[in-house]
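Worksheet: the structure to be examined is printed underneath.
The values are calculated or read from the model by the stated rules, or taken from the named source; none is laboratory data. None of these values were measured; they are calculated from a predicted model. Positions of Cβ are backbone-derived with ideal geometry, glycine not excepted, and every protein chain shown enters the neighbour counts.
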Amino acid sequence: MKVIAAAAAVAGCGSSPQTTASPDAPAPPADGPTCDGCLDLSDPTNSALTKVDGSRIVRFAKTNVLVARISETEFIAVSSVCTHAGCAVRFATTQISCPCHGSLFALDGTVTRGPATRPLTRFSATYDAQTNIVTLS
Ligand code: FES
(Lines give C-alpha, C1' and ligand atoms only; values in the text may rest on other atoms or scores of the structure.)
Protein backbone atom coordinates (compact mmCIF):
# COMPACT_ATOMS: atom_id res chain seq x y z
CA MET A 1 0.00 0.00 0.00
CA LYS A 2 2.78 2.44 0.83
CA VAL A 3 4.54 1.69 -2.48
CA ILE A 4 1.47 2.69 -4.52
CA ALA A 5 1.07 5.98 -2.66
CA ALA A 6 4.75 6.84 -3.18
CA ALA A 7 4.53 6.11 -6.92
CA ALA A 8 1.50 8.37 -7.26
CA ALA A 9 3.27 11.17 -5.41
CA VAL A 10 6.31 10.96 -7.70
CA ALA A 11 4.13 10.97 -10.81
CA GLY A 12 2.32 14.04 -9.54
CA CYS A 13 5.54 15.87 -8.80
CA GLY A 14 7.02 14.96 -12.16
CA SER A 15 4.22 16.47 -14.19
CA SER A 16 3.61 19.60 -12.16
CA PRO A 17 6.56 21.79 -13.27
CA GLN A 18 5.82 21.22 -16.95
CA THR A 19 2.26 22.49 -16.75
CA THR A 20 2.42 25.36 -14.29
CA ALA A 21 4.85 28.20 -13.69
CA SER A 22 6.91 28.03 -10.56
CA PRO A 23 5.67 30.45 -7.92
CA ASP A 24 9.30 31.27 -7.22
CA ALA A 25 10.08 32.30 -10.81
CA PRO A 26 10.82 36.02 -11.14
CA ALA A 27 7.93 37.93 -12.65
CA PRO A 28 8.55 40.18 -15.64
CA PRO A 29 8.63 43.87 -14.74
CA ALA A 30 5.09 45.18 -14.46
CA ASP A 31 5.93 48.63 -15.70
CA GLY A 32 8.71 48.15 -18.21
CA PRO A 33 9.29 47.23 -21.79
CA THR A 34 8.00 43.78 -22.74
CA CYS A 35 11.14 43.01 -24.72
CA ASP A 36 14.61 44.43 -24.46
CA GLY A 37 13.75 48.10 -24.79
CA CYS A 38 10.48 47.70 -26.70
CA LEU A 39 7.33 49.63 -25.89
CA ASP A 40 4.33 48.27 -27.78
CA LEU A 41 1.94 51.19 -28.21
CA SER A 42 -0.92 48.73 -28.82
CA ASP A 43 -0.54 47.67 -25.19
CA PRO A 44 -2.93 49.65 -22.94
CA THR A 45 -0.07 50.10 -20.47
CA ASN A 46 1.52 52.44 -23.02
CA SER A 47 -1.65 54.33 -23.93
CA ALA A 48 -0.16 57.62 -22.73
CA LEU A 49 2.30 57.41 -25.61
CA THR A 50 -0.34 57.07 -28.31
CA LYS A 51 -0.92 60.85 -28.37
CA VAL A 52 1.51 63.69 -29.04
CA ASP A 53 2.65 65.24 -25.73
CA GLY A 54 1.93 62.01 -23.88
CA SER A 55 4.59 60.57 -21.62
CA ARG A 56 5.28 57.86 -19.12
CA ILE A 57 8.12 56.50 -17.04
CA VAL A 58 9.40 53.01 -17.71
CA ARG A 59 12.15 50.90 -16.25
CA PHE A 60 14.98 50.42 -18.75
CA ALA A 61 18.75 49.89 -18.48
CA LYS A 62 18.44 49.64 -14.70
CA THR A 63 17.04 53.14 -14.37
CA ASN A 64 13.75 54.98 -14.60
CA VAL A 65 13.36 56.50 -18.04
CA LEU A 66 10.97 59.25 -19.06
CA VAL A 67 9.62 58.49 -22.54
CA ALA A 68 7.59 61.19 -24.30
CA ARG A 69 5.98 61.50 -27.70
CA ILE A 70 6.92 64.85 -29.23
CA SER A 71 5.32 64.35 -32.66
CA GLU A 72 3.42 61.69 -34.57
CA THR A 73 6.69 59.90 -35.31
CA GLU A 74 9.23 61.19 -32.77
CA PHE A 75 9.88 60.18 -29.19
CA ILE A 76 12.43 61.25 -26.62
CA ALA A 77 13.83 59.18 -23.77
CA VAL A 78 15.91 60.50 -20.88
CA SER A 79 16.60 59.41 -17.34
CA SER A 80 13.74 60.56 -15.13
CA VAL A 81 16.09 61.03 -12.17
CA CYS A 82 17.08 64.67 -11.70
CA THR A 83 20.85 65.05 -11.56
CA HIS A 84 20.63 67.64 -8.78
CA ALA A 85 19.21 65.58 -5.91
CA GLY A 86 17.38 62.67 -7.49
CA CYS A 87 13.76 63.81 -7.72
CA ALA A 88 11.57 62.51 -10.54
CA VAL A 89 11.43 64.95 -13.44
CA ARG A 90 8.31 65.66 -15.49
CA PHE A 91 7.68 66.13 -19.18
CA ALA A 92 6.22 69.56 -19.95
CA THR A 93 5.73 69.61 -23.76
CA THR A 94 8.75 71.75 -24.70
CA GLN A 95 11.01 70.96 -21.74
CA ILE A 96 11.52 68.70 -18.77
CA SER A 97 11.10 70.13 -15.31
CA CYS A 98 12.02 69.07 -11.82
CA PRO A 99 9.40 69.92 -9.19
CA CYS A 100 11.83 69.77 -6.26
CA HIS A 101 14.12 72.77 -6.84
CA GLY A 102 13.09 74.05 -10.24
CA SER A 103 15.73 72.72 -12.59
CA LEU A 104 14.78 72.71 -16.25
CA PHE A 105 16.12 70.50 -19.00
CA ALA A 106 15.80 70.61 -22.78
CA LEU A 107 14.21 67.61 -24.45
CA ASP A 108 17.69 66.23 -25.14
CA GLY A 109 18.44 66.26 -21.41
CA THR A 110 20.75 69.28 -21.32
CA VAL A 111 20.38 71.65 -18.37
CA THR A 112 18.70 74.95 -19.23
CA ARG A 113 18.25 76.15 -15.64
CA GLY A 114 19.86 75.01 -12.39
CA PRO A 115 20.49 74.16 -9.70
CA ALA A 116 21.20 70.93 -11.63
CA THR A 117 24.50 71.16 -13.47
CA ARG A 118 24.67 67.78 -15.22
CA PRO A 119 22.41 66.66 -18.08
CA LEU A 120 19.89 63.86 -17.83
CA THR A 121 21.16 60.66 -19.41
CA ARG A 122 19.74 60.44 -22.90
CA PHE A 123 18.54 57.28 -24.60
CA SER A 124 17.64 56.64 -28.21
CA ALA A 125 13.92 56.10 -28.86
CA THR A 126 13.09 54.82 -32.32
CA TYR A 127 9.49 54.46 -33.49
CA ASP A 128 8.39 51.89 -36.06
CA ALA A 129 4.96 52.88 -37.35
CA GLN A 130 4.49 49.49 -39.03
CA THR A 131 4.74 47.58 -35.76
CA ASN A 132 3.64 50.48 -33.52
CA ILE A 133 6.64 49.83 -31.30
CA VAL A 134 9.08 52.30 -29.74
CA THR A 135 12.50 50.79 -29.18
CA LEU A 136 14.77 52.23 -26.52
CA SER A 137 18.53 51.79 -26.72
S1 FES B 1 16.29 67.49 -7.37
FE2 FES B 1 15.79 68.38 -9.25
S3 FES B 1 16.26 70.47 -9.00
FE4 FES B 1 16.79 69.56 -7.12
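Considering only region 58-74, I want to know if a residue exists there that is within 16 Å of the ligand (Cβ to nearest atom), at pLDDT 95 or above and part of a loop (DSSP other than H, G, I, E, B).
Scanning region 58-74 turns up no residue that is within 16 Å of the ligand (Cβ to nearest atom), at pLDDT 95 or above and part of a loop (DSSP other than H, G, I, E, B).
Mind listing just one residue for me: the one in region 41-57 that is polar (S, T, N, Q) and outside any loop (DSSP other than H, G, I, E, B) and, of those, farthest from residue 95 (Cα to Cα)?
So the first thing to find is which residues in region 41-57 are polar (S, T, N, Q), and the list is 42, 45-47, 50, 55.
Subsequent filtering for residues that are outside any loop (DSSP other than H, G, I, E, B) retains 45-47, 50, 55.
Details: 45: 24, 46: 21, 47: 21, 50: 19, 55: 12 Å.
Selected residue: 45.
Of the numbered conditions (1) more than 9 Å from the ligand (Cβ to nearest atom); (2) outside any strand (DSSP E or B), residue 84 satisfies every one except a single condition; which is it?
Single failed check for residue 84: (1).
Could you tell me which residue of region 87-115 is surrounded by the most Cβ atoms within 10 Å (Cβ to Cβ), considering only residues that are under 23 Å from residue 70 (Cα atoms) and near the ligand (Cβ under 8 Å from one of its atoms)? Reasoning before the result, please.
Of all residues in region 87-115, those under 23 Å from residue 70 (Cα atoms) come to 87-99, 102-113.
Cutting the leftovers down to near the ligand (Cβ under 8 Å from one of its atoms) gives us 87, 89, 98-99, 102-103.
Numbers: 87: 15, 89: 27, 98: 24, 99: 11, 102: 12, 103: 23.
Per the criteria, the residue is 89.
Tally up the residues in region 116-137 that are exposed (fewer than 14 other Cβ atoms within 10 Å of the Cβ) and either among the charged types (D, E, K, R) or within 16 Å of the ligand (Cβ to nearest atom) (or both), please.
Here the count works out to 3.
Between a residue in region 67-82 that is on the phi > 0 side of the Ramachandran plot and crowded, with 17+ Cβ neighbours inside 10 Å and any residue that is assigned to a strand (DSSP E or B) and at pLDDT below 95, which pairs come within a Cβ distance under 7 Å, given they are 6 or more apart or on different chains?
Note: no pairs meet the criteria.
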